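Structure record follows, encoded as C-alpha cells.
The values are calculated or read from the model by the stated rules, or taken from the named source; none is laboratory data. If you're wondering where the values come from, they're calculated on a predicted model, not measured in any experiment. Here the Cβ is made from the backbone with ideal geometry for all residues, glycine too, and neighbour counts use every protein chain on show.
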Amino acid sequence: MHAKTQLFAALLLMTTATASFADSRTPLVDARQENQDARISQGVASGELTAREADRLDARQSHIENVEYRAKADGVVTRRERANLHHKQDRASRAIARQKHDRLNRR
C-alpha cells in the first residue's frame, strides 16, 4: 500500500507540474506585445505618432505586461486571465491604429 501511495503522489506531482507549465505560457500574448511595440516604433519613425502619443501607448503596453506578469505569478494563467489579456491587447491595438491615423501635426 505504501508503494502505491508513493507512486500515486509522484504521478500527481508530475501531472500538476506539467499542467502548470503548459498553462502558464502565453505565446500569443507575447507575440502580440512584440507586434504592437513594433507598430509604435514604426509610427514614431514615420512621423505618424508624436512623442507624447508614443509615450502613452508605451505606458499602455507596459500595463499589459504587468497584468501578464501578475497572471503568471501563481504558475497558471486561467481562461479568464487570458481573455482579459486579449481584451486589453485588442483595445491597445485599436488605440495604436487610431493614434497613427488621427492627422495631428507632426514634425
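Observations, loosely collected:
- Residues that are part of a helix (DSSP H, G or I), among the acidic types (Asp, Glu) and closer than 23 Å to residue 103 by Cβ within region 46-68 comprise 53, 55, 58, listed in sequence order.
- Those residues of region 72-99 which are without any contact (Cβ under 8 Å) to a residue 24 or more places away in the chain, among the aliphatic types (A, V, I, L, M) and more than 14 Å from residue 35 (Cβ to Cβ), in sequence order: 73, 83
- Boolean, residue 100 is in contact with a Leu (Cβ under 9 Å, 6 or more places away or on another chain) and either buried (at least 17 other Cβ atoms within 10 Å of the Cβ) or charged (D, E, K, R) (or both): yes
- Only residues that are surrounded by fewer than 16 Cβ atoms within 10 Å (Cβ to Cβ) and more than 16 Å from residue 40 (Cα to Cα) were counted across region 73-97, and they come to 10.
- Within region 4-45, tally of residues that are within 20 Å of the chain's Cα centre (by Cα), among the small types (Gly, Ala, Ser) and either outside any helix (DSSP H, G or I) or at pLDDT 70 or above (or both): 4
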